[in-house]
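The values are calculated or read from the model by the stated rules, or taken from the named source; none is laboratory data. Since the model is a prediction, treat every value here as computed from it, not as a measurement. Using ideal geometry, Cβ is built from the backbone for each residue, glycine included, and neighbour counts are taken over all protein chains shown.
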Amino acid sequence: MLQNERSSFVNFAFKSSGMSKKGWILVGFFSVLVLVFYFALTKLIPGFDKKKVAPVSTVKAFFFTNQDGQQVTEKNVAGKVYVAEYFFTNCKGICPKMNNNMRLVYDALKDEKDFLILSHTCDPENDTVPRIKWYADSMKVDTRKWIFLTGRKDSLYNMARGSYTIDDPANNMKNIDDDFLHTQFWALWIRPVMYGMCMTD
């Protein structure tokens, strides 16, 4: 009696779904096959089951000077999450808007232990240490968390194009004195790999 009831229920389920018993068997078979295939791949290919985002770039060695005249290198950002940008202090165009947007990031993350912002000048001839110190003071931010950098023009530009990839390397001029980099992109670095960039609006 119980066996007949089970059989009737199974037949009813197949009829209600609109799929034949054979169809359900095939669905079950292929579902099991997919699971077996997936688990086989996780055993055969190390890290197959780990979700990964491909890095855009990796941080290269650098040597710049901050608003306090102190040296800043790649060792200072090792193990940190940081956002990198380029600006110049007397910019009247996109830079003020970029740094107003960056302030939102700063306000949200300034208390995070391993978070930094690196703002590099793209006009080191004019943005000397005293000048970027003045600018940093005008921003009223903690310069241990939001660091303003100057340095050699070729080093700054090579970092933007080679490590941060926020400007096309093809833009390199033969004469560095004729070169000028002005980009609205930010780069996100995570210990010490670049995982993306965004354009400030």
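Which residues, taken from segment 56-69, are closer than 16 Å to ILE117 by Cβ and either surrounded by fewer than 17 Cβ atoms within 10 Å (Cβ to Cβ) or acidic (Asp, Glu) (or both)?
Answer for segment 56-69, where residues must be closer than 16 Å to ILE117 by Cβ and either surrounded by fewer than 17 Cβ atoms within 10 Å (Cβ to Cβ) or acidic (Asp, Glu) (or both): just ASP68.
Collect the residues in segment 155-201 that are at pLDDT 75 or above and either exposed (fewer than 13 other Cβ atoms within 10 Å of the Cβ) or assigned to a strand (DSSP E or B) (or both), keeping them in residue-number order.
PHE185, TRP186, ALA187, LEU188
Please specify each residue of segment 93-124 satisfying the condition of being under 19 Å from LEU181 (Cα atoms), of a type in the set (Ser, Thr, Tyr) and under 18 Å from the mean Cα position of the chain (by Cα).
Once the filter is applied, which keeps residues that are under 19 Å from LEU181 (Cα atoms), of a type in the set (Ser, Thr, Tyr) and under 18 Å from the mean Cα position of the chain (by Cα), segment 93-124 yields only SER119.
Kindly indicate the residue of segment 135-152 that is part of a helix (DSSP H, G or I) and more than 25 Å from the chain's Cα centre (by Cα) and also surrounded by the fewest Cβ atoms within 10 Å (Cβ to Cβ) among those meeting that condition.
SER138
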